[in-house]
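J.: First the structure, which I've put down as structure tokens, then a few questions once you've had a look.
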Amino acid sequence: MTSKERVIAALNHQEPDYVPMDLGGCGQTGINASTLYKLRKAYGLEEHPLKIVEPMQLLGEVEWDLLEKIKGDVVPLWNRGNMFGNSNENITRPWTMSDGTPVYMSEDFEFDVDERGYTLAYPCGDRSAAPSLQMPRGGFFFDNIERSEYDEDNLTPLEDFRESYPLKTEEDCLFWEKQLKYIRDNSDYAVFGVFGGMSIGDAAEVPGPFIKKPHGIRGVQDWLMANLMYPEYVEEVFRYAAEVEIRNLELYRQVVGDGIQTIWLSGTDFGTQNGPMYSLDTFRSLYKPFYKKINDWIHEHTSWKTWYHTCGAVSSFMEDFIEMGMDVVNPVQLSAAGMNGPELKQKYGNRITFWGGGVNTQHTLPSGTPAQVYQEVMDRLKLFSPGGGFVFATIHNVVANVPVENLVAMYQAVNDFRGI
């Protein structure tokens, strides 16, 4: 099987020749550039500055020479804009991470370092705006700076969030088209459309890191309370997001056709480590109807599988996820409360694809021994791979300071299990 055929089989709950694997397919299955630089060195690959493809988490571009070494199967189709509001067309600005790792940022990336040693990044590279993101001295990812205020007696949801959901342009279409042509002409990888647009309520996006002057309810704590205090406000934002999403999906379909196998739609987390972040009633009334609308459109008009990221304890949401048309769930955080792997596989494994769950990235991967990593990966592969419906990936991104020997052990385990 080719990588594309392998992933398609897994998504259709058929057993492929061996388990497909993703590293770097999107902003939740990637790797911090610092760790990526060391991993490339461990495999004897060329040492050079790495492109930062997702700047908020400082994720590095996983190049094809590394995919060949680890035998990965998935490559991303990125959008033209990123979480900073910068363009991904020219990632050429030299920059150095806190540990000395050389990287390239978008050419319009603008930042300052303040008296505390914090790196402050400007939205859209516009220094006339207030910084929207910050990273402490020695840090390896950026956090939002909450900049917006609102008047609870004068709530204006459409005016507040219109900039968060822009219509795609001809330039966006050309960017997708160029990437896809290169992938098709030069590989047989499965293509992951990192489209987005439905991260409604996502703590990373609500503050508007890519917006010069955000308005409205944009503090994460305020937003969570707004789900109960101002549901009409939240619903109006989501309705607008869904309307724009369908218009943008029409353009996307015209450009990519059947050139992608799965489409990333949302990174909104519905779980914490210890339990759900939202009640099922809130999810069903505010979120589920709009997700279902988008999923229905995609299933009616395309062959794509819909892909959602939601961390934490979400086992109680699984039936609703399936009912609304979610095809793929990530990251399958088995360390969270109630996320029992055998039970998830037994109850849902033939109805939804698990993309992730391959190893615990909070404890085992950064703190365990190579032998412990190897064994946990083997155990997860034995659990999730039977019957298809599984793509191996770590539980969320590989962060900085993970021992490179643990990563090598992880990929060795995957390929030993595959028998290759």
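The values are calculated or read from the model by the stated rules, or taken from the named source; none is laboratory data. What you are looking at is a predicted structure, and each value in this text was computed from that prediction instead of being measured. Every residue, glycine as well, gets a Cβ built from its backbone with ideal geometry; the counts of neighbours run over all protein chains shown.
J.: Being at pLDDT 95 or above and under 24 Å from Trp304 (Cβ atoms) narrows it down to one of Val113, Val74, so name that one. Working first, answer last.
T.: Details: Val113 fails: under 24 Å from Trp304 (Cβ atoms).
Testing whether each residue is at pLDDT 95 or above and under 24 Å from Trp304 (Cβ atoms) leaves just Val74.
J.: Kindly provide the set of residues from segment 60-74 that are hydrophobic (A, V, I, L, M, F, W, C) and out of contact with any strand residue (DSSP E or B) (no Cβ under 6 Å at 6 or more places or on another chain), ordered by number. Step through it out loud before you land on a result.
T.: From segment 60-74, those hydrophobic (A, V, I, L, M, F, W, C) are 62, 64, 66-67, 70, 74; that's our starting set.
Val62, Trp64, Leu66, Leu67, Ile70, listed by residue number.
J.: Another question, then. So, in segment 36-58, how many residues would count as being of a type outside the set (Asp, Glu) and touching a helix residue (DSSP H, G or I) at 6+ places or on another chain (Cβ under 7 Å)?
T.: Qualifying residue count for the region: 9.
J.: Something else now. Quick check: anything in segment 343-357 of a type in the set (Lys, Arg), part of a helix (DSSP H, G or I) and closer than 26 Å to Phe290 by Cβ?
T.: Yes; the residues of segment 343-357 include at least one that is of a type in the set (Lys, Arg), part of a helix (DSSP H, G or I) and closer than 26 Å to Phe290 by Cβ.
J.: Would segment 82-89 turn up any residue that is surrounded by fewer than 21 Cβ atoms within 10 Å (Cβ to Cβ) and either closer than 30 Å to Tyr18 by Cβ or in contact with a strand residue (DSSP E or B) (Cβ under 9 Å, 6 or more places away or on another chain) (or both)?
T.: So the first thing to find is which residues in segment 82-89 are surrounded by fewer than 21 Cβ atoms within 10 Å (Cβ to Cβ), and the list is 87-89.
Cutting the leftovers down to either closer than 30 Å to Tyr18 by Cβ or in contact with a strand residue (DSSP E or B) (Cβ under 9 Å, 6 or more places away or on another chain) (or both) gives us 87-88.
Looking for residues that are surrounded by fewer than 21 Cβ atoms within 10 Å (Cβ to Cβ) and either closer than 30 Å to Tyr18 by Cβ or in contact with a strand residue (DSSP E or B) (Cβ under 9 Å, 6 or more places away or on another chain) (or both), one finds at least one in segment 82-89, hence yes.
J.: Considering segment 280-311 alone, what residues qualify as being under 17 Å from Ile322 (Cβ atoms), part of a helix (DSSP H, G or I) and either in contact with a Ser or Thr (Cβ under 6 Å, 6 or more places away or on another chain) or hydroxyl-bearing (Ser, Thr, Tyr) (or both)?
T.: Within segment 280-311, Tyr287, Tyr291, Asn295, Ile298 meet the criteria.
J.: Restricting to segment 186-227, count the residues that are farther than 30 Å from Ser3 by Cα, part of a loop (DSSP other than H, G, I, E, B) and not acidic (Asp, Glu). It would help to see each step written out before you state the result.
T.: Residues of segment 186-227 farther than 30 Å from Ser3 by Cα: 200-227.
Filter once more, keeping what is part of a loop (DSSP other than H, G, I, E, B): 200-219.
Add one more test, that the residue is not acidic (Asp, Glu), and what stays is 200-201, 203-204, 206-219.
Looking only at that region, the number is 18.
J.: Condition first: in a helix (DSSP H, G or I) and touching a residue at least 60 places away in the same chain (Cβ under 8 Å). Can you find one or more residues in segment 266-279 that meet it?
T.: No, segment 266-279 contains no residue that is in a helix (DSSP H, G or I) and touching a residue at least 60 places away in the same chain (Cβ under 8 Å).
J.: Can you tell me which residues in segment 283-292 are without any contact (Cβ under 8 Å) to a residue 60 or more places away in the chain and under 21 Å from the mean Cα position of the chain (by Cα)?
T.: Those that are without any contact (Cβ under 8 Å) to a residue 60 or more places away in the chain and under 21 Å from the mean Cα position of the chain (by Cα): Phe283, Lys288, Lys292.
J.: Taking segment 65-79, which residues are of a type in the set (Lys, Arg) and either farther than 9 Å from Tyr43 by Cβ or assigned to a loop (DSSP other than H, G, I, E, B) (or both)? If you could, list the steps in order and put the result at the bottom.
T.: We begin by selecting, within segment 65-79, every residue of a type in the set (Lys, Arg); these are 69, 71.
The answer is Lys71, and nothing else.
J.: Let me ask you something else. Name every residue in segment 229-243 that is surrounded by fewer than 17 Cβ atoms within 10 Å (Cβ to Cβ) and of a type in the set (A, V, I, L, M), in order of residue number.
T.: Correct list: Met229 only.
The rows are residues; the columns are (1) at pLDDT below 95; (2) under 19 Å from the mean Cα position of the chain (by Cα); (3) not polar (S, T, N, Q).
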site: Asp281; (1), (2), (3): no, no, yes
site: Asp296; (1), (2), (3): no, no, yes
site: Tyr308; (1), (2), (3): no, yes, yes
site: Glu319; (1), (2), (3): no, no, yes
site: Val329; (1), (2), (3): no, yes, yes
site: Val332; (1), (2), (3): no, yes, yes
site: Leu344; (1), (2), (3): no, no, yes
site: Asn350; (1), (2), (3): no, no, no
site: Gly357; (1), (2), (3): no, yes, yes
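J.: Would you pick out the residues in segment 37-65 that are free of Cβ contacts under 8 Å to residues at least 40 places away in the same chain, of a type in the set (A, V, I, L, M, F, W, C) and either crowded, with 20+ Cβ neighbours inside 10 Å or on the phi > 0 side of the Ramachandran plot (or both)?
T.: Val53, Val62
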